[in-house]
Amino acid sequence: MTPTGALRIVRLSAAYDLLVTAPFALPWTAALVLSGLAGAHATLGLGGAAPDPGDVFVLLFASLTGSVVTVWALVRLWRPSLALGLADSVARALFALAMVVALASGASTVVVGFLVPEILWGVVQAGAVLRAWRRAPMLEPVRA
């Protein structure tokens, strides 16, 4: 994997994050998304507890997470680097762990729809970044 190819993956990963998390960045949009997820949970008859869009703490933490991840995605789109790609891969592993814990604690299985892409992006991105770094270790920080 070339550094340029790895940076392309870092940018694609950031674009995915922007699309998925920007709707969570503001309390009123987060409430809409959480209502949609609760509706999907009910319609599909999924196991576990559905998200409660009326819970102020759920909205607070959804908005905090959404806003931070949205800014993080914009930074990676604006100035991608192998270091940011590696840091994002670690963050994805932590997010995936939190989702697994939530599922094990009774969260709706709608979370799996977020968990699978999180793991896939983490593996693809970490692999690309590490291969690029091995190929050209003196290039960091690489910017596109």
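Taken together, Val71, Val56, Val112 contain a single residue that is closer than 19 Å to Thr21 by Cα and touching a helix residue (DSSP H, G or I) at 6+ places or on another chain (Cβ under 8 Å), which is Val112.
For the stretch 46-74, which residues satisfy the criterion of being in contact (Cβ under 8 Å) with a residue 40 or more places away in the chain and under 16 Å from the mean Cα position of the chain (by Cα)? Selection gives Thr65, Gly66, Ser67, Val69, Thr70, Trp72, Ala73, Leu74. Within the stretch 91-106, if we keep just the residues that are in contact (Cβ under 8 Å) with a residue 24 or more places away in the chain and aliphatic (A, V, I, L, M), the residue that is farthest from Leu19 (Cα to Cα) turns out to be Leu103.
The numbers here are math on the coordinates, done by the rules we state, and not lab data. Nothing here was measured: the structure is a model prediction, and the numbers come from that model. Here Cβ is always computed from backbone atoms with ideal geometry, including for glycine, and neighbour counts include all displayed protein chains.
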